[in-house]
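Every number here is computed from the coordinates shown, using simple stated rules; none is lab data. Bear in mind that the values here come from a model prediction, so they are computed numbers and not experimental data. Glycine also receives a Cβ, built like all others from the backbone with ideal geometry; neighbour counts cover every protein chain displayed.
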Amino acid sequence: MAELALQKVTSHMLMPVSDDDQLFVQQLKTGQVIRAEFRKVRNPHFHRKFFALLKLGFDHFEPQPCRMVGTDQWFTPEKNFDEFRRWVTVKAGFYDVIGYPDGGVRVRARSLKFSSMSQEIFEQLYSAAMDVLLSFVLDPERGWSRVKVDELVERVVNFA
């Protein structure tokens with residue numbers, strides 16, 4: 001069973017929001033009937049805005065060489081967008097702590113799925129993620145500010 005996000009684009013038409021949603025719809029045969037349960041979800045424009053914010057931060061982030069603990073071996077960590085997104089989400093305070101049988105715990109970023117987070121909470125995440133990026137990646141001493149970042153993100157979202 002698939003879960004889709006659809007956006008109303010005219011008075012009688014719903015369009016898939018993501019590439020995955022589009023793929024599901026394309027795989028349906030013409031005339032095929034599907035049954036669904038619908039509920040309102042958060043603003044897809046704001047979802048794109050959040051990912052544009054993350055991409056801006058990711059594009060300006062460069063992993064620094066570091067020494068492997070207990071050795072004299074140096075390496076530069078791989079740059080990975082999904083890990084960066086999870087790191088920002090955790091640093092922004094949106095995480096779950098998972099316990100394991102050996103007594104260990106792990107911090108896991110909360111899901112960003114439309115169905116997993118309300119619009120209000122997602123807006124709080126956006127604001128906190130902005131703070132994280134301004135603290136760790138987009139240095140205010142180099143001219144970055146909340147206003148500048150918001151303007152760039154809006155420009156990217158509205159251009160795409």
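Tell me, which longest segment in the chain has none of the GluC sites (Glu not before Pro) that fall in DSSP loops with at most 14 further Cβ atoms within 10 Å? Working shown, then result.
On the way: sites that count: 3, 37, 78.
Looking at the chain, 79-160 is the longest stretch - no exposed GluC sites (Glu not before Pro) with at most 14 other Cβ atoms within 10 Å.
Using alpha carbons only, how many angstrom separate the centre of the stretch 96-143 from the centre of the stretch 29-80?
Spelled out, the Cα-based centre of one part sits 12 Å from the other.
Near residue 91, which lysines are there with a Cα under 20 Å away, not counting those fewer than 8 places off in the same chain?
In chain and number order, the partners are 49, 55, 79, 113.
Which of 34, 17, 117 sits closest to the plus end of the dipole of the stretch 1-133, meaning its Cα is farthest towards the positive end, when Lys and Arg get +1 and Asp and Glu get -1 on the C-beta?
So the residue furthest toward the plus end is 34.
Given Cα pairs under 8 Å that are at least 6 residues apart, what percent is the relative contact order of the stretch 1-153?
Value for the stretch 1-153: 19 percent.
Helix 119-136 versus the longest principal axis of the chain: what is the Cα-based angle in degrees, 0 to 90, to the nearest 10?
30
Towards the positive end of the charge dipole of the chain, with charges on Cβ (+1 Lys, Arg; -1 Asp, Glu), say which of 149, 44, 132 has the farthest Cα.
44
Obtain the nm distance between the two label points defined at residue 156 and residue 136 by a simple spin-label model: each point lies 7 Å from its Cα along the Cα-to-C-beta direction.
The answer from the label model is 1.7 nm.
How far, in degrees from 0 to 90, does helix 81-91 lean away from the longest principal axis of the Cα atoms of the chain, to the nearest 10?
Approximately 80 degrees, to the nearest ten.
Considering the convex hull of the alpha carbon atoms of the chain, report its projected area averaged over all viewing directions, in nm², one decimal.
On the way: hull surface 57.8 nm².
Seen from a random direction, the Cα hull of the chain projects 14.4 nm² on average.
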